[in-house]
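Peer 1: The structure follows.
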Ligand code: SF4
Ligand code: SF4
């Protein structure tokens, strides 16, 4: 980015280079929320509701989940009280930022009698507060899928264009996190306007702030801040770096795209199908799953008609419906489709993996199916096959073509 002066609101003459990290206090974070709102942003951030960390509109910094952490594992998610007042001391909840950029349901058009009514695009300026590295990478992947190509999704593109991203460097990975092994975290990559790293110690509760864009620099210029000392920068970088060593899981280091290409007939798919409920939770919570379908609603008089777009899941039988029937009728074929697209053919379509390692699909799968464990099993099977070991003994041979 170009260098820009940032004025310390507490000292009007103390301009600093925009790429020098600065320090905000805990009160400064509350002030940040106020400044964003007064600048016309709808601030979306984490708060506590229904015994979970949820993302919703914040009207003040008091709503942030101060002192709450999360314990998560396959099929499990629990809030717990922390021994400090950290506001970003929790890993991901069930929602991702996708919910706001690419909402679960959006009206497309309606008919009132014989009058066609196009849905007016709502100009929205969101400020996302507390975006983890994995979710920042997910927003970038959605940008490629929905915002790129010859026909970008106009509603997504408008919301993305008005978006201000305030990332949070992760110092508290959860039990299902594996962003380090996907190369997407724990330090936020490109795409943020501001990035905060929360630190609490004998010197107090503060945030090291990295400025990523001119828009971020302007916001910081409206807040009381000071230049970070070298030791504060080192301490924050080390805390985020240490998080990479404390991930609850990791994806095996192998060419997963090639592994999935080789595994079309694996007995694993039938094994997963014995456990998978085809509920689609994994696709709903995934920050990069983007598929939609359209639905028409008509009132009983036939006068009012509305067409809307809603999220769809490749675990629905209708998802693969083609003139006369569904292509993927078995759970085995639907799980294979999901994981093969997410980790394999996404590379061919969009130039990267479709997984950012957030772990949501593991925590929110009601039967605890773990994407990292299934890939590990596939890799072990392949290694056994190459070594001449009979892998069917442990998993059982596929009984039928999993379509
Ligand atoms: S596949 Fe699972 S771990 Fe990967 S991005 Fe989606 S929800 Fe997160
Ligand atoms: S893997 Fe889990 S979350 Fe996904 S469809 Fe199967 S049971 Fe549901």
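Coordinate-derived values only; no laboratory data. Note that the coordinates shown come from a computational prediction; the quantities given were computed from them, not determined experimentally. Here the Cβ is made from the backbone with ideal geometry for all residues, glycine too, and neighbour counts use every protein chain on show.
Peer 1: If you build the Cα gyration tensor of region 349-390 and take the root of 5 times each eigenvalue, what three semi-axes come out, in whole angstrom, biggest first? Mind dumping the intermediate values first?
Peer 2: Working: eigenvalues 127, 56, 8 Å².
Taking √(5λ) for each Cα gyration eigenvalue gives 25, 17, 6 Å.
Peer 1: If you don't mind, there's one more thing I want to ask. Based solely on its DSSP helices, what 222 nm [θ] is calculated for the chain when runs of n ≥ 4 H residues each add -39,500 (n - 2.57) and the sum is averaged over all residues, nearest 500 deg cm²/dmol?
Peer 2: Details: 15 runs with 125 residues, N = 403.
Estimated from H runs of four or more residues: -8500 deg cm²/dmol.
Peer 1: Quick check: the distance between the Cα centres of region 266-285 and region 110-154, to the nearest angstrom?
Peer 2: 29
Peer 1: Let me ask something else about it. Using Cα centres only, tell me the gap between region 24-97 and region 311-384 in whole Å.
Peer 2: Centre-to-centre distance over Cα atoms comes out at 30 Å.
Peer 1: Counting only DSSP beta bridges with both residues in the chain, what percent are antiparallel, rounded to the nearest 5? Can you show the working numbers first?
Peer 2: Values: 50 of 60 bridges.
Of all bridge pairs located within the chain, approximately 85 percent are antiparallel.
Peer 1: Sorted from largest down, what three extents in whole angstroms do the Cα atoms of region 156-240 have along their principal axes?
Peer 2: Reported extents, whole Å, longest axis first: 44, 37, 17.
Peer 1: As a test of the definition: which semi-axes, in Å, follow for region 210-349 when you take the square root of five times each eigenvalue of its alpha carbon gyration tensor? Largest first, please. Provide the component values of the computation, followed by the final result.
Peer 2: Numbers: eigenvalues 346, 166, 32 Å².
Semi-axes, largest first: 42, 29, 13 Å.
Peer 1: If you don't mind, there's one more thing I want to ask. What span do the alpha-carbon atoms of region 310-349 cover on each of the three principal axes, reported in whole Å from largest to smallest?
Peer 2: 31, 24, 17
Peer 1: If you take the beta carbon distance between residue 157 and residue 291 as r and set R0 to 22 Å, what does 1/(1 + (r/R0)^6) give as a FRET efficiency, to the nearest 0.05?
Peer 2: On the way: r = 18 Å, r/R0 = 0.81.
Computed FRET efficiency for residue 157 and residue 291 comes out at 0.75.
Peer 1: Just to be sure I understand: if I project the alpha-carbon convex hull of the chain onto a plane and average over all orientations, what area do I get in nm²? Don't jump to the answer; show the numbers that get you there.
Peer 2: Working: hull surface 95.1 nm².
Hull-based average projected area comes out at 23.8 nm².
Peer 1: Just round it to a whole percent: the fraction of Cα-Cα distances in region 116-259 exceeding 27 Å.
Peer 2: Values: 3500 of 10296 pairs.
Cα-Cα pairs of region 116-259 separated by over 27 Å account for 34 percent.
Peer 1: I'd like the orientation of helix 133-147 relative to the chain: the angle between its Cα long axis and the longest Cα principal axis, in ° from 0 to 90, rounded to 10.
Peer 2: 70
Peer 1: Taking the chain as the reference, fit the longest principal axis to its C-alpha atoms, fit the long axis of helix 371-386 to the helix C-alpha atoms, and give the angle between the two in degrees, 0 to 90, nearest 10.
Peer 2: 50
Peer 1: Any idea what angle helix 331-340 forms with the longest principal axis of the chain, computed on alpha-carbon atoms, 0 to 90 degrees, nearest 10?
Peer 2: 40
Peer 1: Right, another one. Show me 272-282, 180-190 ranked by packing, highest mean number of other Cβ atoms within 10 Å first. List each step's numbers first, then the result.
Peer 2: On the way: 272-282: 17.2, 180-190: 20.7.
Packing order, densest peptide first, comes out as 180-190, 272-282.
Peer 1: In what sequence, highest mean first, do 253-266, 198-211 appear when ranked by Cβ atoms within 10 angstrom? If you can, show how the numbers build up before the last one.
Peer 2: Working: 253-266: 15.4, 198-211: 18.5.
Highest mean packing first, the order is 198-211, 253-266.
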